[in-house]
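Below is one structure, written out as structure tokens; comments come after it.
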């Protein structure tokens, strides 16, 4: 089981939160997100349908895209327009795409149609789904605050869970500063500070600390097999070649650096034999790249030369975004094939059984008039 994540900072969450594209952080501060929420009236309305980009017609008969699997003649399809709200890393569960926006956790039908609100939330991080529940970190009003005092009500972070069917979220005050990042199907892996992660089996009990090396800036995390992998920078070493990939047993143990001396890595993805990452150039200028290695860090191979913003892997194909285009390449290497073009800044790639979903654009700016949209593309069955 592999869990992918885009670049993150040391203290916030999937994204969310704390993942970011090369050179550009995708997370917004709480203040910015609240302002966006106000600008969007914290609403949940959106627009469905529409063209989300162009599909290369030569791909229609390839092993990557089979429009009839989802809808005859379908190219990229906009499932939901967030109406100016910030969106985070989606998670596909069954026939729904679970995604956190500025003011709610929602479930969007993979086949299209109106979303349902799982729960209202304030500035939620990316949703992590475990055991029929959605876990996320959000904001809540500080207990005892007077909403009629004539001043803004103070808020603080809180860890929540809510059933996929919806309902009232449950808070975990003892873990209110922790952010859920990934899951192995049994436990959640939480972050609190840049020094490591904590493994927690809901709904009760204390988390188990998983300390990493000190002085690491974590830019990505995933679970593959029995290991927790991280993409990081060693901030003790200055420059553009202080990137590393490390791993440790997911239940605890020694942290091992398996790849080092590389450009800053992010956007980890994995399959049963290899893991993949986006890597920044080892200089101020130059090309980034998409890289593969064995799970022990050996056999490093470049799959694509260029800046990569998001990575996902399935059935021998690696899917990646370089902003205005989404391509795929064989996991063993070869020519990249365009799947969707004419995009704004696509990222947060997420794979379902026969669909590839993403958010475009993944970052809002005050000068931008683009509203993030959730997009889906039909793929052939694995």
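Please state the shape class of segment 258-382: rounded when a/c is under 1.5, otherwise prolate if a/b exceeds b/c and oblate if not, all from the C-alpha gyration tensor. Write out the running numbers ahead of the final one.
Values: a/c = 2.04, a/b = 1.22, b/c = 1.67.
Judged from the Cα gyration tensor, segment 258-382 comes out oblate (a/c at least 1.5, b/c at or above a/b).
From the Cα gyration tensor of segment 98-185, with a ≥ b ≥ c the square roots of its eigenvalues, which class applies: rounded if a/c is under 1.5, or else prolate if a/b is larger than b/c, or else oblate?
Verdict is oblate for segment 98-185.
Once you sort the root eigenvalues of the Cα gyration tensor of segment 137-218 as a ≥ b ≥ c, which label holds: rounded (a/c under 1.5), prolate (a/b larger than b/c) or oblate (the other case)?
Since a/c reaches 1.5 but b/c is at least a/b, the shape of segment 137-218 is classed as oblate.
No value in this document is a laboratory result; all are computed from the given coordinates. It should be emphasised that the depicted structure is a prediction, and the values quoted were computed from it without experimental measurement.
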